[in-house]
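First comes the structure, then the notes that go with it.
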Amino acid sequence: TVFRLNVLVFGPGSHQRFDVVSDGRIATNVGRKDLHAGMISDGSAGFLLYGPYVPMTAGSYRLQVRGEVLEPGAKPARIDVVNGEMTLAEGWVSATSRGFGQLVFVDFDVPADGVEALEVRAEVAAGAKVRIKDYTITRLR
C-alpha cells in the first residue's frame, strides 16, 4: 500500500515508501513506467525520476533506493535529494551493481524550518540502463 501524505511527518524509526510507478507525483524525462518492473531508463541521459515535491519537517533521514543496473555505464546514475536549489544529499549507483536490490542509500538532514518541496531525483548517464522500483525515506532522529 502506498500512502499519499501532504506533509511527511513521522517519528524516529518510522518510514514512508514511494512506488515510482503508482505515485502520480513522481515523473520521468528519460524512462518509461512498467507496472511490474518500475521506472526503466531508455538509454538517454537525463532524469529517470523526479518528485514527489512534498513538504517535510526538520530531522535526520535516510533515503534507500531499490532497483537494478541493467546495462552498466561508468557511473550509471546519480541520486540526490533536493529542495529547490538546495541539495540535501547525493550518492552514486555503483557501475558494478548486479541484480535487484538496494542501489544506493544516502543520509540527509532537513533544516529546522523544514522544506516546502522535497524532491528525490535519479539522473542517469547516456547509455546506462537502470530500473528503479521504489524508494523509502526513514526518519533516523
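Some observations on this one:
- The set of residues in segment 119-130 that are open to solvent by 40 Å² or more (accessible area, probe 1.4 Å) and in a strand (DSSP E or B) comprises ARG121, GLU123, LYS129.
- The C-beta contact set for segment 31-56 (first residue farther than 30 Å from PRO111 by Cα and of a type in the set (Lys, Arg), second residue open to solvent by 50 Å² or more (accessible area, probe 1.4 Å) and not in a strand (DSSP E or B), distance under 8 angstrom, 6+ apart or interchain) comprises ARG32/ASP42.
- Test for GLU116: is it open to solvent by 30 Å² or more (accessible area, probe 1.4 Å), in a strand (DSSP E or B) and farther than 18 Å from ALA77 by Cα: yes
- The set of residues in segment 39-65 being part of a strand (DSSP E or B), more than 15 Å from VAL124 (Cα to Cα) and either within 16 Å of the chain's Cα centre (by Cα) or among the hydrophobic types (A, V, I, L, M, F, W, C) (or both) consists of GLY51, PRO52, TYR53, VAL54, PRO55, MET56, TYR61, ARG62, LEU63, GLN64.
- Residue, surrounded by the most Cβ atoms within 10 Å (Cβ to Cβ), within segment 83-99, restricted to residues that are under 25 Å from LEU70 (Cβ atoms), out of contact with any Asp or Glu (no Cβ under 9 Å at 6 or more places or on another chain) and hydrophobic (A, V, I, L, M, F, W, C): VAL93
- Looking only at residues in segment 23-54 that are of a type outside the set (A, V, I, L, M, F, W, C) and open to solvent by 60 Å² or more (accessible area, probe 1.4 Å), the one that is modelled with the lowest pLDDT is HIS36.
The values are calculated or read from the model by the stated rules, or taken from the named source; none is laboratory data. Nothing here was measured: the structure is a model prediction, and the numbers come from that model. Every residue, glycine as well, gets a Cβ built from its backbone with ideal geometry; the counts of neighbours run over all protein chains shown. Remember, those area values only see protein heavy atoms, side chains included, never the ligands or the DNA or RNA. Shrake-Rupley method; radii C 1.70, N 1.55, O 1.52, S 1.80 Å.
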